[in-house]
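The values are calculated or read from the model by the stated rules, or taken from the named source; none is laboratory data. Only a predicted model underlies this, so the values are computations on that prediction, with no experimental measurement involved. Positions of Cβ are backbone-derived with ideal geometry, glycine not excepted, and every protein chain shown enters the neighbour counts.
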Amino acid sequence: MAIREKVPKAKKTTELSAGIKIGAMMAAAASAVATGYIPSYLNLYYTDTVGMSIGTIGLIIMITKITDGISDMIMGMIIDRTNTKLGKARPWLLAGAFGLAATMMLLFGCPANFSAFGKAFFCAALYFLACPVFGTMVGVASHSVINLISAESDDRAVLGVFKSYGSLIPVVVIGLVVPSILSSLGENQRTYTIVTAIFAAMAIVSGVLAVVLIRENVTERSRGHVQEKQKVGESLRALVKNKYFIYMALGVIAYNLTAAPVATYYAKYIFGDVGKATLINLPSMLMIFLLPFAVPIVKKWGKRKSIMVGLGASAISHILILFANDNLGLFMVGKVISGLAVIPYFIALIPLTGDICDYALYTSGKPMDGTISSASAMGEKIGSGLTAGIASVMLQAAGYISKTDAAFVSQPDSALLMLRVLAGLYPAVLFGLAAFFFSKIDLEKQGIEKMRAELKEKGMR
């Protein structure tokens, strides 16, 4: 009983002001620029504007994303060992935002007079800088800083809502604005320069605001207990032994693998107008307005069950999409159901990650907030980037015709069928797989609240 009485006392040290909430939102927005815009339009830009083979761009993406996953884990460990006046995560968030903006502008500005090899090399080099380097800085820092704001599960749940809002800011622009711009101005270099400049500015503004508004309270309160230098090997061994960390990483990867960047291809070749990608992406925007309504559901059902049920329902909805073909109405029904079903995932993932951080500290005695938080960033970027590569390879195998192959592009039936598979069956399987992985994270049953209370009593949180 004495332990429980001390829990509210610790909570008073972390007041979630409006500024902190907005800062969390901006941190997520900066990260979502890398995980949203680049995977969504890199394929289309390099195949239909630059003229690169879809197989080549797919191979570049897949290889780069393997590196990206490794860099996320390294970045997490670096954050755990960083101590500056700005804190652990914020310096990297700021540096990453500026670097990301610069490399994005170059990545979507490939010179037209380059040879095929020159274009491939240019894309590979800039993509590496944009994602495994600067994108990693922003992504891992944005995840880590949320758990460093507060050790309270309820606080993290609230921050998770605002983080989700922030993540959806670039998504709204990507899904609703960019297709319309491409349709009206044309798929050319000038249009892509304008669009990329919008996202580059978004990354810088979001990163700066996040750094200004956020305070890393957990680091400050825990300084006397968590500043021991940890060896990389020790951290890795502790992570490997943490089954909940493994399940979360696999679940996040599977979830983000569902986001194959085929909306623009689907709209262009099956619905006949790339501008209809705006309509395709519209149901995902429902989350912006409905996120707060999902909080009571997560509190009632618990984090694990909420995620599991939501992802399962989304898997079923994509079976409808598989059979929709060019039936826009049926396609949209499936997208609406999916958009609603995944809302609990965005609400519950942040506090669930915090639970895993607390479990790791309780069982190993080692603070690994940055390293564990990097799993989410790693999963997002590996999933969103790798799925772009997978989609490219599958479309290439299905006979997709790129700009280099024909002046007028009319896709074969095999390529159109593959677009339907990538939009329907492929995400359905992965949503189901993600639900399975998250079902294994039963920390609420393992007594995570008691563990957290004991950590607070010892002054470790």
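Considering each of 148, 159 in turn, give the residue that is modelled with pLDDT of 80 or more, among the aliphatic types (A, V, I, L, M) and either surrounded by fewer than 24 Cβ atoms within 10 Å (Cβ to Cβ) or farther than 23 Å from residue 343 by Cβ (or both).
Working: 159 fails: either surrounded by fewer than 24 Cβ atoms within 10 Å (Cβ to Cβ) or farther than 23 Å from residue 343 by Cβ (or both).
Just one listed residue meets the conditions, 148.
Here's a check for you: in segment 162-185, which residue that is of a type in the set (Gly, Ala, Ser) and within 25 Å of residue 353 (Cβ to Cβ) is modelled with the lowest pLDDT? Step through it out loud before you land on a result.
First, the residues of segment 162-185 that are of a type in the set (Gly, Ala, Ser): 164, 166-167, 175, 180, 183-184.
Now narrow it down to the ones that are within 25 Å of residue 353 (Cβ to Cβ): 164, 166-167.
Numbers: 164: 77, 166: 87, 167: 82.
The qualifying residue modelled with the lowest pLDDT is 164.
Out of 346, 293, I need the residue that is surrounded by fewer than 24 Cβ atoms within 10 Å (Cβ to Cβ), within 19 Å of the chain's Cα centre (by Cα) and more than 25 Å from residue 266 (Cα to Cα). Which one?
On the way: 293 fails: within 19 Å of the chain's Cα centre (by Cα).
Only one candidate qualifies: 346.
Out of 166, 175, 160, report the one residue that is in a helix (DSSP H, G or I), within 20 Å of residue 280 (Cα to Cα) and within 16 Å of the chain's Cα centre (by Cα). Reasoning before the result, please.
Numbers: 166 fails: within 20 Å of residue 280 (Cα to Cα); 160 fails: within 20 Å of residue 280 (Cα to Cα).
From the options 166, 175, 160, the qualifying one is 175.
Which is charged (D, E, K, R), at negative phi and touching a Pro at 6+ places or on another chain (Cβ under 9 Å), of 303, 299? Full working, then the answer.
On the way: 299 fails: touching a Pro at 6+ places or on another chain (Cβ under 9 Å).
So the residue among 303, 299 that is charged (D, E, K, R), at negative phi and touching a Pro at 6+ places or on another chain (Cβ under 9 Å) is 303.
Quick check on segment 257-290: of everything there that is of a type in the set (Val, Ile, Thr) and not in a loop (DSSP other than H, G, I, E, B), which residue is surrounded by the most Cβ atoms within 10 Å (Cβ to Cβ)? Let's see the steps before the verdict.
Narrowing segment 257-290 to residues of a type in the set (Val, Ile, Thr): 258, 262, 264, 270, 274, 278, 280, 288.
Filter once more, keeping what is not in a loop (DSSP other than H, G, I, E, B): 264, 274, 278, 280, 288.
Working: 264: 25, 274: 22, 278: 21, 280: 22, 288: 13.
Step by step, filter segment 257-290, then rank; the result is 264.
From the list 317, 373, which one is farther than 23 Å from residue 65 by Cβ and of a type outside the set (D, E, K, R)?
Numbers: 373 fails: farther than 23 Å from residue 65 by Cβ.
Answer to the check: 317.
Please state which one of 329, 354 is surrounded by fewer than 21 Cβ atoms within 10 Å (Cβ to Cβ) and either over 14 Å from residue 157 (Cβ atoms) or under 20 Å from the mean Cα position of the chain (by Cα) (or both).
Working: 354 fails: surrounded by fewer than 21 Cβ atoms within 10 Å (Cβ to Cβ).
On inspection, the qualifying residue turns out to be 329.
Among what's in segment 93-116 and is modelled with pLDDT of 95 or more and either aromatic (Phe, Trp, Tyr) or out of contact with any helix residue (DSSP H, G or I) (no Cβ under 8 Å at 6 or more places or on another chain) (or both), pick the residue that is farthest from residue 24 (Cα to Cα).
The qualifying residue farthest from residue 24 (Cα to Cα) is 108.
Give segment 412-442 a look and list any residue that's crowded, with 19+ Cβ neighbours inside 10 Å and assigned to a loop (DSSP other than H, G, I, E, B), or say none.
Result: 424, 441.
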